[in-house]
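Have a look at the structure that comes next, please.
The values are calculated or read from the model by the stated rules, or taken from the named source; none is laboratory data. Note that this is a predicted model, so its numbers are computed, not measured. Here the Cβ is made from the backbone with ideal geometry for all residues, glycine too, and neighbour counts use every protein chain on show. We work out accessible area using only protein heavy atoms, side chains counted, and drop any ligands, DNA or RNA first. Shrake-Rupley method; radii C 1.70, N 1.55, O 1.52, S 1.80 Å.
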Amino acid sequence: MTLIGYVGTAMPYPIFAPLFLGENSAIARSSLLSPTLLFALLMAVYPLGTLVGSVYLGRLSDRAGRKSVIFYTLIVAAGTNALSGYAIASQSYFLLFFARFLTGLCEGNISVARAVLTDLDLGAEKAVAFGYLSSAGYAGYLTGPLLGGFLSHLSFSAPFFLAAILCVLAAFACRAYMPETRPRTAELPRRDAPPFWQAPGLKVFLGIQFLITFTINIYHEFFPALMVKNWGASPEQISYATIVATTTMIALSLFGIRRMLRVWNTGQLYFYSMLMLGFSIVLFTLPGRLAAVYPVFAVFGISLAIFNSSSNTWLSDTYATVGQGRLMGVVASMFFLSNISAAIFGGVVADRSITFLMILGGVIAVTSGIAFKIAVKAQVARERK
């Protein structure tokens, strides 16, 4: 389900630009707004829907059960993906805009998938499981654009009809094989547990999570611009960089995290990953030639794999008394909110200096790691009292 969700996120990347900015774009002439603005709004509405869906679907799954929420959102997502394909075929921008928002809303079920892992009695393997889940997401980022680009040769609507079929298959696999990890009758968080937002230190740690994901999104959204500006990189060279980072991340998630957990706990890995992310982003600005930057992408992939495996696990274990669906929903919303914030803030700063933006992102990541260390010590001291 996570793989399909991220395929849905990444698949339109090679589709919407030629659809709206091409010379013979009929759908771009169906509105009074400019094609560029129509394109930008359409790219923004999907993560906005996912942001909203992550919060409410995670909380709903605490009450209604994980399996039912996942199943019905996949069924609805199948319909909304098909609606997107129909909207493109009929050249209706407003219908496409509405369908993409609803699809993003449904694919906020990614937070429910994470909550499933928190329900399972995995012990030390929880971090490994979160690594696998992250690998599925990044595999979606790799395969989504490939599917979208290939099928767009048939028609621009074809990828969305394929996405609808995949959602139906995933829904039936969910119904047939997925156990319910939190039935409707499951006991809610302990009565003596504080209300969600009053859990000690939670707001602080979520703020740190926002800052570090803000840095990650600075990388995702602006490293292509840095490569073009500093080294005149081609689209193929940018795609090679993405493959290096993603492949490294997937490989470490699958084969390295378990070994790391024998040496460090999840809190330590969470802290180290923030420092590594910060330093690796700064390192992007240093190489004098393009070939030298590819090892830095490998370092970033390693850092991101450690972060994805440790952050969700540490938050889940530290705040085990609150609703895990709601917690994972808020954590997911931090990512999508930071995505939007990074695009706006980063665009303003990058207009003056992309190099400075990357250095600033690195400083924010390292500062987040230091703040995390201080906050953990303060929480331990508070608990001892």
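Any residue in the stretch 341-360 that's over 22 Å from residue 207 (Cα atoms) and modelled with pLDDT of 85 or more: show its pairings with residues that are open to solvent by 40 Å² or more (accessible area, probe 1.4 Å) and of a type in the set (D, E, K, R) at Cβ separation under 8 Å, as long as the two are six or more apart or on different chains.
Going by the 8 Å Cβ cut-off, the qualifying pairs are 354/229.
Residue check: is residue 68 modelled with pLDDT of 90 or more and in contact with a Pro (Cβ under 9 Å, 6 or more places away or on another chain)?
Values: modelled with pLDDT of 90 or more: yes; in contact with a Pro (Cβ under 9 Å, 6 or more places away or on another chain): no.
When the stated conditions are applied, residue 68 does not pass them.
Condition test on residue 366, is it within 28 Å of residue 251 (Cβ to Cβ), surrounded by 23 or more Cβ atoms within 10 Å (Cβ to Cβ) and in contact (Cβ under 8 Å) with a residue 24 or more places away in the chain? If you could, list the steps in order and put the result at the bottom.
Numbers: within 28 Å of residue 251 (Cβ to Cβ): yes; surrounded by 23 or more Cβ atoms within 10 Å (Cβ to Cβ): no; in contact (Cβ under 8 Å) with a residue 24 or more places away in the chain: yes.
Against the criterion (within 28 Å of residue 251 (Cβ to Cβ), surrounded by 23 or more Cβ atoms within 10 Å (Cβ to Cβ) and in contact (Cβ under 8 Å) with a residue 24 or more places away in the chain), residue 366 does not qualify.
Pick out the one residue from 65, 140, 58 that is open to solvent by less than 30 Å² (accessible area, probe 1.4 Å) and in contact with a Gly (Cβ under 6 Å, 6 or more places away or on another chain). I'd like the intermediate steps shown before the answer.
Details: 65 fails: in contact with a Gly (Cβ under 6 Å, 6 or more places away or on another chain); 140 fails: in contact with a Gly (Cβ under 6 Å, 6 or more places away or on another chain).
So the residue among 65, 140, 58 that is open to solvent by less than 30 Å² (accessible area, probe 1.4 Å) and in contact with a Gly (Cβ under 6 Å, 6 or more places away or on another chain) is 58.
Go through the stretch 66-92 and report how many residues are among the aromatic types (Phe, Trp, Tyr) and closer than 23 Å to residue 54 by Cβ. Lay out the reasoning, then the answer.
We begin by selecting, within the stretch 66-92, every residue among the aromatic types (Phe, Trp, Tyr); these are 71-72, 86.
Right, trim to closer than 23 Å to residue 54 by Cβ and you get 71-72.
Summing the residues that are among the aromatic types (Phe, Trp, Tyr) and closer than 23 Å to residue 54 by Cβ in the stretch 66-92 gives 2.
Sort out which residues of the stretch 217-236 are of a type in the set (S, T, N, Q) and modelled with pLDDT under 80, and write them in order of number.
Going through the stretch 217-236, the residues of a type in the set (S, T, N, Q) turn out to be 217, 230, 234.
Answer for the stretch 217-236, where residues must be of a type in the set (S, T, N, Q) and modelled with pLDDT under 80: just 234.
Identify, from the list 99, 127, 77, 115, the residue that is of a type in the set (A, V, I, L, M, F, W, C), touching a helix residue (DSSP H, G or I) at 6+ places or on another chain (Cβ under 6 Å), without any contact (Cβ under 8 Å) to a residue 40 or more places away in the chain and surrounded by 21 or more Cβ atoms within 10 Å (Cβ to Cβ).
Details: 127 fails: without any contact (Cβ under 8 Å) to a residue 40 or more places away in the chain; 77 fails: without any contact (Cβ under 8 Å) to a residue 40 or more places away in the chain; 115 fails: without any contact (Cβ under 8 Å) to a residue 40 or more places away in the chain.
Answer to the check: 99.
Return only the number of the condition from (1) open to solvent by 30 Å² or more (accessible area, probe 1.4 Å); (2) modelled with pLDDT under 80 that residue 122 does not satisfy.
(2)
Can you confirm whether residue 303 is crowded, with 18+ Cβ neighbours inside 10 Å, polar (S, T, N, Q) and part of a helix (DSSP H, G or I)? I'd like the intermediate steps shown before the answer.
Numbers: crowded, with 18+ Cβ neighbours inside 10 Å: yes; polar (S, T, N, Q): yes; part of a helix (DSSP H, G or I): yes.
Against the criterion (crowded, with 18+ Cβ neighbours inside 10 Å, polar (S, T, N, Q) and part of a helix (DSSP H, G or I)), residue 303 qualifies.
While we're on this one: I'd like to verify a number: residues in the stretch 81-92 that are of a type outside the set (A, V, I, L, M) and either in contact with an Asp or Glu (Cβ under 9 Å, 6 or more places away or on another chain) or open to solvent by 10 Å² or more (accessible area, probe 1.4 Å) (or both), how many?
Residues that pass the stated criteria total 4.
Right, another one. Run residue 316 past the list (1) under 20 Å from the mean Cα position of the chain (by Cα); (2) free of Cβ contacts under 8 Å to residues at least 24 places away in the same chain and report the number of the one that doesn't hold.
In the conditions (1) under 20 Å from the mean Cα position of the chain (by Cα); (2) free of Cβ contacts under 8 Å to residues at least 24 places away in the same chain, residue 316 misses (2) alone.
Let me ask something additional. Tell me which residues, restricted to the stretch 244-265, are assigned to a helix (DSSP H, G or I) and more than 20 Å from the chain's Cα centre (by Cα).
255, 258, 259, 260, listed by residue number.
Can you name every residue in the stretch 221-246 that is in contact (Cβ under 8 Å) with a residue 60 or more places away in the chain and open to solvent by 20 Å² or more (accessible area, probe 1.4 Å)? It would help to see each step written out before you state the result.
At the first step, the residues of the stretch 221-246 found to be in contact (Cβ under 8 Å) with a residue 60 or more places away in the chain are 221-223, 225-227, 229-231, 242-243, 246.
Those that are in contact (Cβ under 8 Å) with a residue 60 or more places away in the chain and open to solvent by 20 Å² or more (accessible area, probe 1.4 Å): 221, 222, 225, 229, 230, 231, 242, 243.
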